[in-house]
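Working notes, beginning with the structure itself.
The values are calculated or read from the model by the stated rules, or taken from the named source; none is laboratory data. These numbers were taken from a predicted model, which means no experiment stands behind them. No Cβ is skipped: glycine too gets one built from the backbone with ideal geometry, and neighbour counts run over all protein chains shown.
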Amino acid sequence: MSKKRVTSRMVAERAGVSRTTVSFVLNNVAHANITTATRNRVLSAARDLGYVPDVAAQALVSGRSNNIGLITVAASDQVFLDPHIPNIMTGLFEIARARGFRLLVEHIDHPDDTETVINLLRSKSIAGAVINWINAEKLLAALSPREEYPIVIINGAPLDGLYTVSADQTGGVRQALDHLYERGQRRIACIAYSTPDDSPTVRERLAIYRAFLAQHHLPFCDGYIQYGEYSVESGRLAMQALLNVEPRPTAVFTFNDTMGFGALHAVRNAGLRVPDDVAIVGFDDNRLSRWMLPALSSVHVPEIAQGYLAGEQLMRLIHGETPAERHIRLETQLIVRESSAKPRECSPPVAEF
């Protein structure tokens, strides 16, 4: 004989409240004016009865899915080797869980693949989507004027028809290069991602790097730009190539910290010292960067906060509300460590979001 399913009505009767109150509590509805005592009573009743919400029924009543999507546009290697996507997921998952949504993750290989995104939205399998890197103009053009899906873009151009949460990539790159220049570095190379043709971000960072060298009349040759595949090993190989360039660079900026770890390894293996012979600065402030020997200087990007704030915007759109800001831009911060400076010049730790 099958066990009788526990319903929200049974929870309401056990807690001595209405089913509406149960719904408000279990779905963490903001501004519902539920007292702490009532909330605890409902949660205790649900726990004692072993209540599990019927997600399908909730979706049927509300007319929308209880899933939200995170659509990541990144090379497959980056998803697993670089902390950027996991950090975004951490922030987004936190707010999704608090609001009673599940998080589905879809990976596409190219920012122009808007068809996959649109098909996912039109299928109504998700109530809305946070999209990390996309050709936003093409996405808007592909949607009909009547299609108004809840969409938030992370690291996208601030277009009028979309909501965005971005980090100041331009400022972050400038901070890293300014730091190296101010410490007397004049032969500055970089290790970039190997997908400049597919990624506006890679093109932007390279353009800033070249413009910086030109502005300060610094030497440049094609060998000063090497490409990696997000991984430690690719950073090591790229750094080995840089060490064979004449004149040898005295400083290197890497597009992520993971490749920076490989660069540190290559310099030490060559019998050189960091930062005395080669200074290294990364980008994204990986949680392991402070534990490297020497600790890796890096541009801190508040990626967990990006995910959380994008989730907040998305929840407002899903519930028919207008977010207070259409375009949120978060500041980056250079964290100076021993890979590019003397210990007394290093920055204090950055608090996690």
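Observations on the structure shown:
- Some residue of region 168-185 being among the β-branched types (Val, Ile, Thr), crowded, with 18+ Cβ neighbours inside 10 Å and either out of contact with any Cys (no Cβ under 6 Å at 6 or more places or on another chain) or not in a helix (DSSP H, G or I) (or both): yes
- Test: residue 304 is at pLDDT 95 or above, surrounded by 15 or more Cβ atoms within 10 Å (Cβ to Cβ) and not small (Gly, Ala, Ser): no
- Set side by side, the residues 60, 92, 81, 26 differ, and just one is modelled with pLDDT of 85 or more, not assigned by TED's automatic domain parsing to the domain that holds residue 228 and not hydroxyl-bearing (Ser, Thr, Tyr), which is 92.
- Sole residue being among the basic types (Lys, Arg), closer than 22 Å to residue 82 by Cβ and in contact (Cβ under 8 Å) with a residue 12 or more places away in the chain, chosen from 326, 337, 248: 337
- Qualifying residues in region 250-271 (those that are buried (at least 24 other Cβ atoms within 10 Å of the Cβ) and of a type in the set (Ser, Thr, Tyr)) - the one modelled with the lowest pLDDT: 258
- Check on residue 274, β-branched (Val, Ile, Thr), free of Cβ contacts under 8 Å to residues at least 60 places away in the same chain and assigned by TED's automatic domain parsing to the domain that holds residue 189: no
- Check on residue 96, within 20 Å of the chain's Cα centre (by Cα) and assigned to a helix (DSSP H, G or I): yes
- In region 276-293, the residues that are at pLDDT below 95 and in contact with a Pro (Cβ under 8 Å, 6 or more places away or on another chain): 284, 286, 287, 290
- So residue 119, is it at pLDDT 80 or above, touching a Lys or Arg at 6+ places or on another chain (Cβ under 6 Å) and more than 24 Å from residue 284 (Cα to Cα): no
- Conditions (1) at pLDDT 95 or above; (2) assigned by TED's automatic domain parsing to the domain that holds residue 128; (3) not charged (D, E, K, R); number of the one not met by residue 161: (1)
- Odd one out for residue 192, checked against (1) part of a strand (DSSP E or B); (2) over 24 Å from the mean Cα position of the chain (by Cα): (2)
- Matching option when the condition is in a helix (DSSP H, G or I) and assigned by TED's automatic domain parsing to the domain that holds residue 153, among 236, 268, 290, 316: 316
- Residue check, residue 274 out of contact with any Phe, Trp or Tyr (no Cβ under 7 Å at 6 or more places or on another chain), surrounded by 19 or more Cβ atoms within 10 Å (Cβ to Cβ), part of a loop (DSSP other than H, G, I, E, B) and of a type in the set (A, V, I, L, M): yes
- In region 129-158, residue modelled with the lowest pLDDT [restricted to those that are outside any loop (DSSP other than H, G, I, E, B), over 22 Å from residue 284 (Cα atoms) and not acidic (Asp, Glu)]: 136
- Boolean, residue 296 is closer than 24 Å to residue 206 by Cα and surrounded by 22 or more Cβ atoms within 10 Å (Cβ to Cβ): yes
- Residue list for region 309-322, restricted to those being surrounded by fewer than 22 Cβ atoms within 10 Å (Cβ to Cβ), closer than 21 Å to residue 90 by Cβ and of a type outside the set (A, V, I, L, M, F, W, C): 312, 316
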